[in-house]
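The structure appears below as structure tokens.
The values are calculated or read from the model by the stated rules, or taken from the named source; none is laboratory data. The structure displayed is predicted, hence computed values, not measured ones. Glycine also receives a Cβ, built like all others from the backbone with ideal geometry; neighbour counts cover every protein chain displayed. Ligands, DNA and RNA are stripped out before the accessible areas are found, and what is left, the full protein with its side chains, is counted by its heavy atoms. Shrake-Rupley method; radii C 1.70, N 1.55, O 1.52, S 1.80 Å.
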Amino acid sequence: MNGVDIIIPIYNAFEDLQICINSLQKTTDLEKNRVILINDCSTDQRVTPYLGQFADLGFTVIQNEENRGFPRSVNLGIQQSCDRDVVLLNTDTILTKNWLEKLIRCAYSDPAIATVTPLSNNATLCSVPVFCEENRIPEGFTLDEFADLVGRSSLRRYPRITVTVGFCMYVKREVLQLIGNFDSETFERGYGEENDFCCRAEQAGYYHVMCDDTYVYHKGSRSFALKDKQKYMEVHEAILNQRYPLQMQRNREYVRDNPNSFAQDTLKIHIPFHNGRKNILYLAQSDFMEDAEDHVGGVQLHVKDLTMGLKDRYNIFVVARDRNDIRCTGYTEDETVKLKFYAGDRPDFPVFHSRKLREIYDTILTAFSIDMVHVHHVLGMSLEIYEAARTLGIPVITTIHDYYMVCPSGVLLDDQGNACDKRAKSGEHCGECLSNKFQYASTVNYQNIWRKRNLEALRISDRIVVPSAHTGRVISDVYPEIRGKVQVIGHGTDLKKSENRQKTGSGKTFHIAFVGGMNEEKGSQIICNLLKKSDADIEWYVFGGIGDRELLYLEKKNLHKTGVYSRERLPELLKQNKIDLICILSVCPETYCYTLSEAVACSVPVLVSDIGALGERVREMECGWVIEDVHNVESVLQKINELKE
């Protein structure tokens, strides 16, 4: 483009004029874009000499010898402009960074757009954060900070509005050439001329939009005395209703219904997070909130603990998959804000790159000025969160909760049900295993592809947190390139440790519990065999959901199942049922095991399989016993009987 002409009709309001032109000089490329100042015979003697200095700076300064009114002054500026698009700007405005560039981008997003109006504190249809009201800049913001928030949080929908708002009105030259200028004969003193222009443009096949990523401050009209203004409003409103009955009715409906309320709602969502605190984003495969899909699991427990423990010091944003949506929940000390972004169907196979997800990541990272990204799991997501963060210069931490970044199964358990953590580095038999588990073609070395892509992500990470030394060894063996970034930090728990636990067993029977979700990886088949072969003097309890059909339907007089429970209820469940021992008989290598931490917090001893982090942690904490061959049910029962005595 050749540039835009900015037309500013002026009548008194000297102080406002100074502020407006000062903001214009600070925010606008005045080598490319021209300014036309039209002094409509101001009575304030300061205006004329003040404008004279800008002629030397390349501004066009026009001095009306008599007061001609706003519409005629605008038309004079449009005629002076000749062939350029124009912005009609009031003197009681304050412009913000990149305002004109954003208006131009909006205007040319569709050839059918005639005019563009930015958001403002005082712009009727385009007022934010409260619609059709005169707003103050929200508390805690400067004008520039609030304008920046508008730009960062914008959805850039450029929604259609019925008429433009004249305080800052971008108009395409082609529309002026087609339908003519303002009707200055009818609307001589102003008010209603821009509505008349918009209705004519609409009848000529154009429409008008709100530029929802641009904010211009508007102090409010000082053109008329109150009585005069009311008179002109009534007279000109009647003219508009007579000329454009259908269009003016739709304008009234727009004011009544606020169909583009998202512009106000989006800002109201973001304002609470402007509190001077840093912003942390946690990415997980699913959310911990109870209304989310698959909200129970070790990752969810850990992210919940971090969120609730830190939201009084930081703004926390939890981003997670929820069916076909990406859920983004923001937490401050006092408020919770929920957003959803449509992501489409879950892919049949894990994806490393997704344009849709990248757009969502970019939107969230930018809109909320994220200071740190902490990746907890990317199942159902994509690895582009790493690249998005790197592009924006945001540091990244990755916590390894399971072995998903080593193997798409997430657990180092081969297709025969054997732990393969000691074979993970070599990748032996991975092709056959993945083919049997996930129907990956044996002709493609999928494991190599998987590890190459995940290594790229881990290299972007500034720190890689593992919950146990065993996990750290496996990750470092598979990805030696990132060994120096790996740090062991165990997961915490909010459960208070019981210092003086009283013996709860009856002495006649032994009470044993299996805690948490039960499936094949957690040893559900071993549990079934134990229950079938055990003596009647043991009371067995399963606290948690059951994903194994045989265990789910197994019935015995001395077997008790509670179903899913809340973590906060666990101490009560253990005490009420007089649990003497908790068995954790996983057949896959655990990276940490929250159940073990919870047992320790409740001072209940454990019996665990010596796989992954379980045996390592039990020996370190001296909180129970270890079974080397958990598949040997007879040896497990023998150990239980020893402990029972």
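Residue by residue through segment 278-283, what is 3J(HN,Hα) from phi via Karplus (6.51 cos²θ - 1.76 cosθ + 1.60, θ = phi - 60°)? Round to whole Hz and write x for glycine and proline. My calculation for segment 278-283 gives 6, 10, 10, 10, 9, 9 Hz in order.
Annotation: per residue accessible area for segment 504-593 equals 44 Å², rounded to a whole number [probe 1.4 Å, protein chains only]. Largest first and in whole Å, the equivalent-ellipsoid semi-axes of segment 411-497 read 27, 18, 11, each the square root of five times a Cα gyration tensor eigenvalue.
Could you work out [θ]222 nm for the chain from helices alone, using -39500 (n - 2.57) per DSSP H run of at least four and dividing by all its residues? Round to the nearest 500 deg cm²/dmol.
Working: 22 runs with 232 residues, N = 645.
One gets -10500 deg cm²/dmol as the mean residue ellipticity at 222 nm.
For segment 38-78, list log₁₀ I(q)/I(0) at each q in 0.18, 0.27, 0.29 Å⁻¹, using the Debye formula over Cα point scatterers of equal strength and ignoring solvent, two decimals each. Taken in order of the listed q values, log10 I(q)/I(0) reads -0.50, -0.97, -1.04.
Only four residue types carry charge here, +1 at the Cβ of Lys and Arg and -1 at the Cβ of Asp and Glu. Report the dipole size of segment 99-233 about the Cα centre in Debye, rounded to the nearest 20.
Values: 16 positive and 19 negative charges, 8 e Å.
My answer is approximately 40 debye.
Computed from backbone phi with θ = phi - 60° and the Karplus coefficients 6.51, -1.76 and 1.60, the 3J(HN,Hα) list for segment 234-248 is 5, 5, 6, 4, 5, 5, 4, 5, 6, 6, 10, x, 5, 5, 6 Hz; x is used for glycine and proline.
Charge tally for SER586 (other residues, Cβ to Cβ under 11 Å; Lys, Arg +1; Asp, Glu -1): -3.
Of the residues TYR244, TYR108, ranked by 1.4 Å probe accessible area with the largest first, the sequence reads TYR108, TYR244. Charged neighbours of ASP213, selected by a Cβ distance under 9 Å, balance to +3 (K, R count +1; D, E count -1).
For VAL542, the amide hydrogen comes within under 5 Å of the amide hydrogens of PHE514, HIS560, LYS561, THR562, counting only partners 5 or more places away or on other chains and with H modelled in the peptide plane.
Placing LEU339, LEU17 in order of accessible area, with the largest value first and a 1.4 Å probe, yields LEU339, LEU17. Relative to one another, the C-alpha centroids of segment 423-469 and segment 1-80 are positioned 66 Å apart.
The structure-derived value of percent of Cα pairs over 40 Å apart appears in the list [x] 30; [y] 47; [z] 51 under the label [y].
This model, with +1 at the C-beta of Lys and Arg and -1 at the C-beta of Asp and Glu, gives the chain a dipole about its Cα centre of some 560 debye.
For TYR553 and LYS338, FRET efficiency with R0 = 41 Å and r from the beta-carbon atoms, rounded to 0.05? Spell out each step's value before the answer.
Values: r = 38 Å, r/R0 = 0.92.
That gives a FRET efficiency of 0.60.
What does the charge count near CYS328 come to, summing +1 for each Lys or Arg and -1 for each Asp or Glu among other residues with Cβ under 9 Å from its Cβ? Please list the in-between numbers first.
On the way: positive: ARG327, LYS338, LYS340; negative: none.
Net charge around CYS328: +3.
Taking every DSSP bridge with both residues inside the chain, close to 30 percent are antiparallel.
Legend: P(r) of segment 535-597 from all alpha carbon pair distances, 5 Å bins from 0, whole percents, reading 4, 13, 24, 26, 21, 10, 1. With the cut-off at under 14 Å, measuring from each backbone N in segment 84-127 to a point 7 Å along the Cα-to-Cβ line of ARG156 picks out 101-110. When nucleic acids and ligands are ignored and a 1.4 Å probe is applied, CYS593 ends up with an accessible area of around 10 Å².
Quick one: in segment 54-132, what % of C-alpha pairs are over 17 Å apart? Don't skip to the end; give the middle numbers.
Working: 1941 of 3081 pairs.
Tail fraction, whole percent: 63.
Each residue of segment 593-599 was assigned a 3J(HN,Hα) from its phi angle through the Karplus curve 6.51 cos²θ - 1.76 cosθ + 1.60 (θ = phi - 60°); the sequence is 5, 5, 4, 4, 4, 5, 4 Hz, with glycine and proline shown as x.
Taking every Cα-Cα distance in segment 99-164 and sorting them into 10 Å bins starting at zero, the pair-distance distribution P(r) comes out as 19, 52, 26, 3 percent. Since only ASN445, GLY393, VAL163 are under comparison, the one whose Cα sits farthest along the positive direction of the charge dipole of the chain, derived from C-beta charges on Lys, Arg, Asp and Glu, is ASN445.
With all pairs of separate Cα atoms included, segment 1-134 yields a Kirkwood hydrodynamic radius of 15.7 Å.
Show which lysines lie in cross-link reach of LYS97 when reach means a straight Cα distance below 27 angstrom and same-chain residues fewer than eight apart are skipped. Counting by Cα, and skipping residues close in sequence, LYS97 has these lysines nearby: LYS26, LYS32, LYS172, LYS219, LYS268, LYS278. Once the Kirkwood radius over Cα pairs is known for segment 124-196, the Stokes-Einstein relation at 20 °C and 1.002 mPa s delivers a diffusion coefficient of 142 µm²/s.
Solvent-accessible surface of segment 274-393, averaged per residue with a 1.4 angstrom probe and all protein chains in place: 44 square angstrom.
What part of the accessible area of segment 341-394, given as a whole %, is carbon or sulfur when the probe is 1.4 angstrom? Present the calculation step by step, with values, prior to reporting the outcome.
Working: 1330 of 2460 Å².
Its accessible area is 54 percent carbon and sulfur atoms.
Of the cross-linked pairs LYS304/LYS425; LYS522/LYS644; LYS340/LYS561, those separated by over 29 Å at the C-alpha level are LYS304/LYS425; LYS340/LYS561.
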